[in-house]
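What follows is one structure encoded as structure tokens, with my remarks underneath.
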Amino acid sequence: MQYGGFIIVRQRLIVKTKSMELKTDRLYIRPVSVNDKEAIFEYRSDSETNKYQGWIPQNIEDTEIFIAKTSKELNVPGTWFQLVITEPESGLLIGDIGIHFKDTGNLEVEIGCTLKKGCQGKGYATEALKKVIDFLFMDLKKHRIVTSIDPDNTSSIKLVERLGFRKEAHFVESLLINGRWVDDIVYAILEKEWGNNKTTENM
């Protein structure tokens, strides 16, 4: 893991985005850039693959707006911060991870992951999320991480359950996505649960 110095502002930990770089055996994870707009549009505009997503861009301009709206600083309450997942050798952008820093004392975050269709089923999402979750709990000292999933999105449900998340709630027709009301399942994990899971894996 590579990350730069920290800046303390009003007792809030802010990480310089240019140095917020995470590496795994196969992946390089970094903050999104406007230069990523074409690559993101390519896989995010696939309406069938992303049918459970709340945002599907219609053109490059939509993607530019999406990138512009994301926070330029990490760990700012009430903002979304966007990371992209790339293959180090080829530089190919294969997905992205969104992190929502909630206002609840800045100790809880929401995460979401999108992966390019041709890169699914290869363990990339698990590998990337493990690294990001480690960073959120160990470096940013978060207490709780949540994720929201459509109950029909069985692959994402299996993914988060594999990571140790617990199902906490099932809300009926609680979200209006792409013109229709859909159910919403909330999964969550605490820092102590994540630590216990990692201890068990290493036994």
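The values are calculated or read from the model by the stated rules, or taken from the named source; none is laboratory data. Please read all numbers here as calculations on a predicted model, not as lab measurements. Virtual Cβ from ideal backbone geometry, glycine too; neighbours counted across all protein chains shown.
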From Thr104, Thr126, residue being without any contact (Cβ under 8 Å) to a residue 12 or more places away in the chain, touching a Lys or Arg at 6+ places or on another chain (Cβ under 9 Å) and β-branched (Val, Ile, Thr): Thr104
Is at least one residue of segment 148-160 buried (at least 20 other Cβ atoms within 10 Å of the Cβ), among the polar types (S, T, N, Q) and within 17 Å of Gln82 (Cα to Cα)? no
Of (1) of a type in the set (Gly, Ala, Ser); (2) in contact (Cβ under 8 Å) with a residue 24 or more places away in the chain; (3) closer than 21 Å to Val109 by Cβ, Ser155 satisfies every one except (3)
Restricting attention to segment 107-114, does a residue exist that is in contact with a Gly (Cβ under 9 Å, 6 or more places away or on another chain), farther than 19 Å from Glu21 by Cα and modelled with pLDDT of 95 or more? yes
Select from segment 27-55 the residues that are among the small types (Gly, Ala, Ser) and part of a loop (DSSP other than H, G, I, E, B) and list them in ascending order. Ser33, Ser45, Ser47, Gly54
Unique residue being modelled with pLDDT under 95 and surrounded by 15 or more Cβ atoms within 10 Å (Cβ to Cβ) when the list is Val132, Val182: Val182
Does segment 102-109 contain any residue that is crowded, with 17+ Cβ neighbours inside 10 Å, within 17 Å of the chain's Cα centre (by Cα), closer than 23 Å to Ile149 by Cα and among the hydrophobic types (A, V, I, L, M, F, W, C)? yes
Counting only residues that are surrounded by 15 or more Cβ atoms within 10 Å (Cβ to Cβ) and at pLDDT below 95, segment 47-70 contains a total of 5
